[in-house]
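Enquirer: To start, I am sharing the structure in question, which I have written as structure tokens.
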Amino acid sequence: MDFYFIGIAIFFFAAALQGLSGFGFSILALPLLTLFLSPRLIVPILLLYSMIINLVVLRSSYKELRWKENLMLFFCGILAMPIGVHILVNLNENILKAFIGAVIIGFSIFSFKGYQIKLKNDNLAMAISGIFSGILGGSISMSGPPIIIFLKNKKVGKHSFRGNLAIYFFILNIFSIPVFYWNGLLTAEVFELSLRFLPGLLIGVVLGNFLSHKIKESSFHDLTLILLFIIGLIAFLSGLKFQFSVNV
């Protein structure tokens, strides 16, 4: 099968997932696309696509945004990104992935059982979540889980959940673009491939965004926990260097 149609399908499903839940685009698309393309091409494409997806999600959830209440989250996330880069350079990336994956799996299981972490100081909780998010984003390109855990712990509604995730990711994307440009990653080939696969992305995110308005709050809560568990499992197995072979 031609890679063009495979790429369209991957971006369609990944964008539909994020349009529906507010997260999961990169974690689904990245491991599949690395079977066909270099990470130096994939990651910049995902950055550009993430900005488009987050704008679509924001358009449908902007009334539920509480971005002024979450400024500490944004500030700490951006501030901690260089720490993550330092960790990436100096520590074993796989050990970090396995540890974080285990933490995410544990949180999702406890949440399914109805447990909740009670933090009386919201600013402290936001600072901790933002710092961990920035560190993970800079080290293993996985900034989402700490923010997802923070929002799930506050039990915000599905549209507020999606909207606040989208604005957080969008702000991080904006700060990432100059870094990518200065490192020569935003090439003509990246923009050419981005245009080629754009139809799959747009159809997927519109469909996911539409379905997000149809799903019940309780079902949305369960779905996000299931996705969080899967993300944790992928990170854990990736950290342990498990190799999967698929016979097609």
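FYI, it's all coordinate maths here, none of it is from the lab. Worth saying up front: this structure is predicted, and the values here are computed from it rather than measured. So basically every Cβ, Gly included, is an ideal-geometry build from the backbone, and we count neighbours across all protein chains shown.
Enquirer: Would you mind putting 180-190, 100-110, 32-42, 7-17 in packing order, based on average other-beta-carbon counts within 10 Å, highest first?
Expert: In decreasing order of mean packing, 180-190, 100-110, 32-42, 7-17 become 7-17, 100-110, 32-42, 180-190.
Enquirer: Mind listing P(r) for the range 3-239? All alpha-carbon pairs, 10 Å bins, whole percents.
Expert: Pairs per bin, as whole percents: 8, 33, 40, 17, 2, 0.
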